[in-house]
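The values are calculated or read from the model by the stated rules, or taken from the named source; none is laboratory data. A quick note: this is a predicted structure, and the numbers were derived from the prediction, not measured. Cβ coordinates were reconstructed from backbone atoms using ideal geometry, including for glycine residues, and neighbour counts include every protein chain displayed.
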Amino acid sequence: MAKLLYFGRLTDVFGANAETLALPAEVNDTSALRQWLDDDRQLGGTLMTKSIRIAVNDDIVPEPWPIADSDEIAFLPPVGGG
């Protein structure tokens, strides 16, 4: 089962900072994961924003990047500050 991690404002969107779930067979890369989660949770395109980066097994990756059910996948929104 894949472990999904959510950071920043995404913890509010998902109501948690992490979850573990089985990925559907058709979700085999980061782009498909974004689309599936966004559709499944009815997020209205929240995860489709390119400013949200994805890390797979602790490495920020270019997209689309292959993923497996055993991966740890983190969604990283932009960080603001002053």
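Details
- Taking the criterion of being assigned to a loop (DSSP other than H, G, I, E, B) and in contact (Cβ under 8 Å) with a residue 12 or more places away in the chain, the residues of the stretch 50-66 that qualify are Ser51, Ile52, Asn57, Asp58, Val61, Glu63, Pro64, Trp65.
- Single unsatisfied condition, Gly8 versus (1) surrounded by 14 or more Cβ atoms within 10 Å (Cβ to Cβ); (2) out of contact with any Pro (no Cβ under 7 Å at 6 or more places or on another chain); (3) part of a loop (DSSP other than H, G, I, E, B): (2)
- Checking Val13 against (1) surrounded by 14 or more Cβ atoms within 10 Å (Cβ to Cβ); (2) in a helix (DSSP H, G or I); (3) at pLDDT 95 or above, the condition it does not meet: (3)
- If the condition is being closer than 20 Å to Met1 by Cβ and within 12 Å of the chain's Cα centre (by Cα), then the stretch 66-82 contributes Ile67, Asp71, Glu72, Ile73, Ala74, Phe75.
- Checking Thr49 against (1) farther than 16 Å from Ala2 by Cα; (2) out of contact with any Gly (no Cβ under 7 Å at 6 or more places or on another chain); (3) modelled with pLDDT of 95 or more, the condition it does not meet: (3)
- Residues of the stretch 29-67 that are touching a Pro at 6+ places or on another chain (Cβ under 9 Å), within 17 Å of Val79 (Cα to Cα) and surrounded by 14 or more Cβ atoms within 10 Å (Cβ to Cβ): Ile52, Arg53.
- Any hit, the stretch 70-78, residues being surrounded by 15 or more Cβ atoms within 10 Å (Cβ to Cβ), β-branched (Val, Ile, Thr) and modelled with pLDDT under 95: no
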